[in-house]
Every structure is written in C-alpha cells, then in structure tokens.
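Quick notes on the structure that follows.
The values are calculated or read from the model by the stated rules, or taken from the named source; none is laboratory data. Quick caveat: nothing in here was measured; it's all calculated off a predicted structure. Virtual Cβ from ideal backbone geometry, glycine too; neighbours counted across all protein chains shown.
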Amino acid sequence: MPETPIRIALVGNPNAGKSTLFNALSGLRQHVANYPGVTVEMKTGRFRHADRDYEVIDLPGTYSLAPRSPDEMVAVDLLLGRRKGEAKPDLIVAVVDASNLDRHLYLTTQLLELGLPVAIAVTMIDSAATRGIVVDAVKLAIGLKVPIVPVNVPAGLGIVELKAAIANAHGQPAPCGPVFPADVATEAQSLQAKLGPTVPAFLVQRLLFDVGGQTERELLAAGKPELAFDLAAARQRLEATHGPALEARIRYGWIRKATVAAVTKPKTRPVTLSDKLDRVLTHRIWGTLIFFVVMFLMFQSIFVWATPLMDLIDAGFTWFAEVVQGSMPPGALRSLITDGIIKGVGSVVIFLPQILILFGFIAVLEDCGYMARAAYLMDKIMRRCGLNGKSFIPLLSSTACAVPGIMATRVIENRRDRLATIVVAPLMSCSARLPVYALFIGTFLSDGFAWWVPGLTLFAMYMVGFLTAPITALILKRTLLRGETPLFLMELPNFKRPSLRAVLIRMLDAGRAFLVRAGTMILASMIVIWALLYFPTSQSPKLSYPEQIERIAAEIDAVPEGAEADEAKKAFEAQRDQLTGDWKRNSYLGRVGRALEPAFVPLGWDWKIGMAALASFPAREVLVGTFGIIYDVGDVDAGAIGDPKDDKANGLRASLQSEWQRDPVRGPYAVATAFSIMIFFALCCQCVSTLAVIRRETRSWSWPIFTFTYMTVLAYLGAWATYQLGKLWIDTMN
Amino acid sequence: MTLDQLPVGFSAVVLSVAGNATLAQRLAEQGLFPGEMIEHFGTAPLGDPLEIVVGGTHLSLRKADAALIHVQPASSSDPS
C-alpha cells in the first residue's frame, strides 16, 4: 500500500511570489480543486523528495487569517482541518517577501498559532538588497525560531533546500508566536467554555478580534443568542484596557523584536526604480497616456491576433465536417455528427484564441505590477457605476467577447462587485454582434441613405452597450447587490519582470477551465438546437426532406462542366435551398416560432424572425445563417456578411428586402424592424458560452438564469420601444 | 488633520483611525495603526484614490477612507 503523501499548505500574501514557488515545487503535476458554494480555486501539486511523496496545496493569497467572507473562510477551515473529506495539512510553508518583511510576517505570526510545524521561504532577497534592505537568513531563523530558506525561483536557487527543510520540519513541534496579554487568554477561555470544545482555540481568538468577520457570522448563528452579548462585552473590556488595534500592535511588536538582529534597513526609504516607474505610470498626463496605449494594445490583440487563429479553427472544423460528410451514409446520425457535434465542438474551441491572448495579457500585467495601477487609475470612473477600478479590464475585454471578460473578473476580490461586473459584462457590445449589425445595416440602412448613416448606426449600437452596462451595474449595486461600499485598500506592488512560466501556466489554466467546464454545456445546447431544427424530417409519408436534399445534391454533382450546365446547376441549387427552407420552417423550432408569433408582433417581427432569434440562442451570429436557411438562400457564413462579393450574403440581403417590402403590414416599416432586431441583439443574452461561463465562475445556476432573464426582458422591451417609436416616426414623416 | 489633507510627499504619524471596525482592522493588518508613520506618495490622475506608503508597502486608498485617518504631519520625506 502506498504511504499517504505529506500535506503541505503554501500560504502567503498576494505578490509574495507564492504561485511561482508553487510551480517550481510541483512542476506540471498540478490540478485545480474546487469548493462548492464559493468561488475560490485551490491548486494542488505533488513532488517527491528523499523517497517521500509530498502534496502541496496552494492557498489563495491573503494578508491575514481574519476571514471576512465565506471564500476567505475556506482557507482557514482547510488549515484547521475543518473541511469534510480533507485531512488537516501536516505542515505550513509561509512565503514572505524580503523587501517588505514586517508586513509579510504579520500573516506568518497567525500561522504560528495553528499548532502545525512551519517553514518560511523568503523570496526577493536580491531585489530587497537593491533597495538597501539586507536580510540575514540565519539570524532570522534564530530570531523567529522557525526554519528559514531563502529562495530565488528564476535563478533556480533554494528549491532543493526548501524541500529538505520541509522534510526536516515534518513532525516537529509547532513553533511559538507572539504572546498576547493575559486577559486576552482569559476572555478567550470563557468564550471557549460557552462555545464548547469542538470550536478550535484559533477560531475563538478570531471571534474575539474580528469585529463583523466571517467567524462571528458562523459561530453566532450556531450558538446561543446571549453569546453575541458576551462577545460584545468581552471586546469592550479588551478595548478599554488595551486601546485600538491590539492584535496588530502585538504582532508587529513581536515581529520587530524578532527580526531586529537579522534585518538592516536604510534610515530613509531610498527612491527605487520601481518608485520612479510608479511616478511615470500614475502621472496625470504620461500615466493616462500609457494606460490608453496599454488598453488599446490589449484590445487590439484580442481582436486582431485572435482573428486569424479563429478563422483557422473555423476552417479546420468545417473541413473536418466535410470529410465526415463525405465518408458517412446520409441520415440523422451524420447530421448529428457534422451539424450538431462537430459544429458544437468548433463553437467551443473557437473562443480559445481570445481567452489565451487576454489571459496572457492579464498575467503579464498582473505579474509585473501594472494591473493594480490600472485599477488605481480607473477607480474613480468605475466608482460612479458602483464598481471599483478592478472592474475596468473585465468590462473592456467584454467588448471583444464576454467569455474571457467574465473569466477576468477573478481579479475582483469583493464578491458583490465581482457579481455585478459578471452580470453586466454581456451587455458590452461583443464581436459576435457584429455580423448581426452588418446584415441589417447593409440591407436596410445603406442604399439610399447618406454616407455617414451606416457608420453612425454601428457606433450607436456599440453605445447602447457602453451606456446600458454601467447603468445596470449601478441599479444592481443599489438593489440586489446592495451593501456597504467595500474598502478599496489595494496594494500597489513593486514593479518586477514578469515570469514567462507563470504567464504560460495562467494561460493554460484559463483555457483548460473554459474547455472542460463551460464546453460541455455549450455542446449540449448546440445539440438540442440542432435536434429542434432537424426534426421532424418529413411532412407526409413521402420522401423525407434530408433524403430529397441528398438526391438533389447528387444531381448537382452529376451536372457536367460547361457554360449552359451552370444554369441547370443554379436551378437545382435553388430547388435545394427551397426544400431546406421548407424543412426548417416545419421543424419543431419553426413551429415554436409560429406559435409564439403574437409575442413577436409588437416588436415588428414575423414568426420567421422570431424563429431565427430562437435558433440563435447558442450564439448571436447564428442568426445570420438561420436567416439564410429560412429565406431559402442556403446557409450564409456569418463572417462573409460584410463582403459585397459574397453571393449568398447578397442573396440574403436581396431576399430580406423584397420579402419585407411585400409584407402589407410591415412593408413600410422595414427600417424600424431592422432597428428593433439590432436593439434586441444588442441587449439580449443569446450566447450559451456566456451563460456557461457565468455558471462556472459563480458556481451557481441562479446567476446565469438571472442574467439571461433580465437581458431578455431588457432586449424585448428595448426592441418593442424601438419598433413602436420607429413606426410612429415613419407614420409622421409620411 | 486627516490623511486626505496631507500634501503629496509629506509623512505623518497616525493618531487614530475612525470608521467601522473592519476598516480599522484591514488597515492595521497592513501596518497602518496609531503610532505608525505614513507617507502620501501621490494621487491618481482623476484626483482619487491616493497612493500611500506604510512601512515600505504602497497602498491605494480612497479619499473617503483616508478622511477617517487622523494624522500628525512629521516632515517632507521628499525634498525635491
């Protein structure tokens, strides 16, 4: 039987170099562990040292073990062995940054009280030295009475020594931390007696110190009502005797005493390169300018660099579908594989370039320290809509695609701000809306209009998102997500060179998380929509639609090459498109569209438009292809809609124009209908990928359902108002 | 005076932190509690938030929160 690995918890402040150290310890043998109900993710990795197996748990970066939210409580519970099915760690490795030792050791002093052996990894000794801070590891170990290992991951130094120190520390008695005044222990003991022996002493101390914290919420809810009174009285007695910030004064006092011999600091803080960079990057003019350049580059790269890769993926899947099409007998199974599964998988994979590029950018910006500056610069603007500076980048990247944008909200620690950002991100006008806008602007707002009308309309459509998103966020923060304004206390870390390895791992994690967790839901919905459009396959006992279409396809192939053959080919193709249109119009989805027609009428839509909108539930751009099919011009490629030379796109435009003009009721209001559709698609959440990612990031079904519902209601009302106003205006003009 | 009134480039000693207990505790964890030195490093281009330095850590703090921190100005740390 293999022995169980020794469990190590890796704990440190954000920016301590914890992730880099984790990657160095565990290599690529890592996996992500999820916790139900909370949005934290913890990675675990493994390594072997001196014939023993070790398991490392990478805890989320934190400044203290005073939990303020369920998310922060997960880490504390894990360290105390209070999580079901998870053994208490055998040992803690605290990661501390030498250039800011006091602040980093604050967390360490709390770790010393958990009753577990502790080893300390000191990072950035070199960069501390450049600012005149010299740390003597041997003297530090003597002062703190804890094993100390200096590590320098980029140079590959200290990893082996750290592993050896871990092996030595395992099984050793727990070290001693700061000693609190005797009355703290007395108060804690009397609270402990009321709570019972099952509550760890560490949590009783947290209960005493953390006013309004998560420990208080959990223990008071479980305890007797008079406990709240006893707790308040105990806190009052301690405050009266010792004054404010007792915990911080004791801990920092202890740290300064323990490190005084080991650390030499310059008398005055020297002006470092990082400080000088900070001056430029947060400068009124230069800082703002550089910020816009960085944002533009990021934005441009998601759009431009991702496009060729996305085209390649698209072409690859189309080719694959054709190969399968050619090598299988016709029928429902072939259609399921080519139109359902291969298209479905393709529609998932197509997001990867954007996700990888955005996360590459975010990882670099975060690792080098610029991310916090971006949030610092934008905080005042974002606060106007009830959010904070950290919401800016997720919302901006949602303009390319909401999927990576929503994943990028992980940088927002405050739960309410993060949820508000997630819920409004899909309102930002993403690139999938572009084919829809292009189709209707090209069809109804180009010929016979002034040259600036198409451009202005497109701009207006983008503005719909830019304006609705912040207003919605503000409303949400005032209603559903109301709460006191969170303290925006953010560390502005020293600038440093980003680690390529860390960046690559971040990109891979993001890609994998999307494929595995969101991909399945996207694929499932694609298959459902496929089935609703495929069945029933016939109206009468005659030949089924797919079989008839197959027969025509064979005839098209049989047409010999030549000038007049083209005519025959075109006739067959028209017949095929007509048949496909009949089939889809009679499909279950078509029937649903027809049944729902009364609901579409106030928007200026007929059942065909409604059916196309329903079919585009998996993704907005599907609307274009569906329109092509139900208007009998065949499947139109959403990417080709802006191309004036594309026959199918031109055919679709012509047939939309003529069909809408012929309509006796809607005929004169074609432009109003076009606007109504565009507004609908600007505001709706017809995107399974977005919903799947919201589900994944919030770990709940209620947020995706809420997002879909409010956006659909908003879209419907917006489309209704647009059509009615447009109609009124056209009537007045005539 | 309160921290939001401290001119850029000046240092001060923290006298007291008003406001709710969570704010005081989070600031204390970062080393910002009565008796400690604090420097007003800069202000964001839009005038808010502030960038402060506490014991070598650069922190961003909104003006509204800084107004809850009472300080005693010490000296200009940056004579330039």
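Under the condition of being surrounded by 15 or more Cβ atoms within 10 Å (Cβ to Cβ) and modelled with pLDDT of 90 or more, the residues counted in segment A:696-716 number 11. Here the condition is being crowded, with 18+ Cβ neighbours inside 10 Å, within 14 Å of chain B (Cβ to nearest Cβ) and of a type in the set (D, E); of A:D367, A:D379, it holds for A:D379 alone. Only residues that are over 20 Å from A:Q110 (Cα atoms) and aliphatic (A, V, I, L, M) were counted across segment A:189-218, and they come to 2.
Of note, A:A261 satisfies the criterion of being within 22 Å of A:L144 (Cα to Cα), aliphatic (A, V, I, L, M) and not in a helix (DSSP H, G or I).
Residues considered: A:R68, A:R46. Of these, the only one that is within 14 Å of chain B (Cβ to nearest Cβ) and under 33 Å from the mean Cα position of the chain (by Cα) is A:R68. Within segment A:86-97, can one find any residue that is within 14 Å of chain B (Cβ to nearest Cβ), within 24 Å of B:L27 (Cα to Cα) and in contact (Cβ under 8 Å) with a residue 60 or more places away in the chain? Yes; the residues of segment A:86-97 include at least one that is within 14 Å of chain B (Cβ to nearest Cβ), within 24 Å of B:L27 (Cα to Cα) and in contact (Cβ under 8 Å) with a residue 60 or more places away in the chain.
One residue is enough: does segment A:73-95 have a residue meeting the conditions more than 30 Å from A:S702 (Cβ to Cβ), touching a Gly at 6+ places or on another chain (Cβ under 7 Å), surrounded by fewer than 21 Cβ atoms within 10 Å (Cβ to Cβ) and of a type outside the set (K, R)? Checking segment A:73-95: at least one residue is more than 30 Å from A:S702 (Cβ to Cβ), touching a Gly at 6+ places or on another chain (Cβ under 7 Å), surrounded by fewer than 21 Cβ atoms within 10 Å (Cβ to Cβ) and of a type outside the set (K, R). Restricting attention to segment B:26-52, the residues that are more than 7 Å from chain A (Cβ to nearest Cβ), aliphatic (A, V, I, L, M) and surrounded by fewer than 22 Cβ atoms within 10 Å (Cβ to Cβ) total 1. For segment A:430-438, the criterion of being on the phi < 0 side of the Ramachandran plot, among the hydroxyl-bearing types (S, T, Y) and in contact (Cβ under 8 Å) with a residue 12 or more places away in the chain is met by at least one residue. Look at segment A:233-258: where a residue is within 10 Å of another protein chain (Cβ to nearest Cβ) and farther than 18 Å from A:Y106 by Cβ and a partner is assigned to a helix (DSSP H, G or I) and hydrophobic (A, V, I, L, M, F, W, C), sitting 6+ places away or on another chain with Cβ atoms under 7 Å, you get A:R235/A:L208. Scanning segment A:469-516 for residues that are buried (at least 16 other Cβ atoms within 10 Å of the Cβ), assigned to a helix (DSSP H, G or I) and not aliphatic (A, V, I, L, M) returns A:P470, A:T472, A:K477, A:R506, A:D509, A:G511, A:F514. For segment A:182-232, filtered to residues that are more than 14 Å from chain B (Cβ to nearest Cβ) and not in a helix (DSSP H, G or I), the residue that is nearest to A:G115 (Cα to Cα) is A:P200. Residues that are touching a Lys or Arg at 6+ places or on another chain (Cβ under 6 Å), of a type outside the set (S, T, Y) and at pLDDT below 90 within segment A:389-423 comprise A:V411, A:I412, listed in sequence order. Residue pairs whose Cβ atoms lie under 7 Å apart, separated by 6 or more positions or on different chains, with the first residue in segment A:188-211 and assigned by TED's automatic domain parsing to the domain that holds A:A75 and the second surrounded by fewer than 21 Cβ atoms within 10 Å (Cβ to Cβ) and outside any helix (DSSP H, G or I), do not occur.
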